[in-house]
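Everything on this sheet refers to the single structure shown next.
The values are calculated or read from the model by the stated rules, or taken from the named source; none is laboratory data. Remember, it's a predicted structure, so these values are computed and weren't measured experimentally. Because the Cβ atoms are built from the backbone with ideal geometry, glycine has one as well, and the counts that use them run over all protein chains shown. Remember, those area values only see protein heavy atoms, side chains included, never the ligands or the DNA or RNA. Shrake-Rupley method; radii C 1.70, N 1.55, O 1.52, S 1.80 Å.
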Amino acid sequence: MNNLEFSLTAKYQPDNALTLVKLARVAYQREEEIAQQFASWGFSQFAFVTTPTPEEAYDTQAFIVANSDLIFVIFRGSESRTDWKNNLDFVLIQGYGGRVDEVQGRVHRGFSRALDSVWEQVKQIIAQFQDQGQ
């Protein structure tokens, strides 16, 4: 995993798919290893985000990285009992953006609530990293 290729496009690109697999794989390493890997890929900005209070009902972690061209937000998948408990809250609810339709989509409530537990942190870091029109 020495290089990272990504093209800005809405169309499927095999290189983009491979990059996203690499990002997902790295997300399960220790924070220091993740930061080191992203630095080797040319990402100068790195932040780790987690649910603010471990006692909360959510155990959400994300990594946000940026360079002069891109910002990636990478979430870890289900690892803990808390994660799996939230996965069982699978009632579909309205996705973000205001209304439910075929374009908007739905998400399961456990995912939505887990995302809500870190969303303000994620938005703040993206705003901080978005300094060159990424």
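The figures follow:
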read-out: Net charge contributed by nearby residues that have their C-beta within less than 13 Å of Leu70 (K/R +1, D/E -1); value: -3
read-out: Solvent-accessible surface (1.4 angstrom probe) belonging to Thr9, in square angstrom, nearest 10; value: 60 Å²
read-out: Whole-percent carbon and sulfur share, accessible surface of the chain, 1.4 Å; value: 51 percent
read-out: Mean Cα-pair separation over length for the chain, i.e. relative contact order, pairs under 8 Å, 6 or more apart, %; value: 20 percent
read-out: Environment charge of Ser7, counting only residues whose C-beta is closer than 11 Å and scoring Lys/Arg +1, Asp/Glu -1; value: -2
read-out: Accessible surface, per residue, of the chain when the full set of protein chains is kept, probe 1.4 Å, Å²; value: 65 Å²
read-out: Check: the chain dipole with +1 on Lys, Arg Cβ and -1 on Asp, Glu Cβ, in debye; value: 320 debye
read-out: Selected from Gln61, Ala39, His108, residue furthest toward positive end of dipole (the chain; charges at beta carbon); value: His108
read-out: Listed residue (Ser78, Val26, Gly133) projecting farthest to the positive dipole end of the chain, Cβ model; value: Ser78
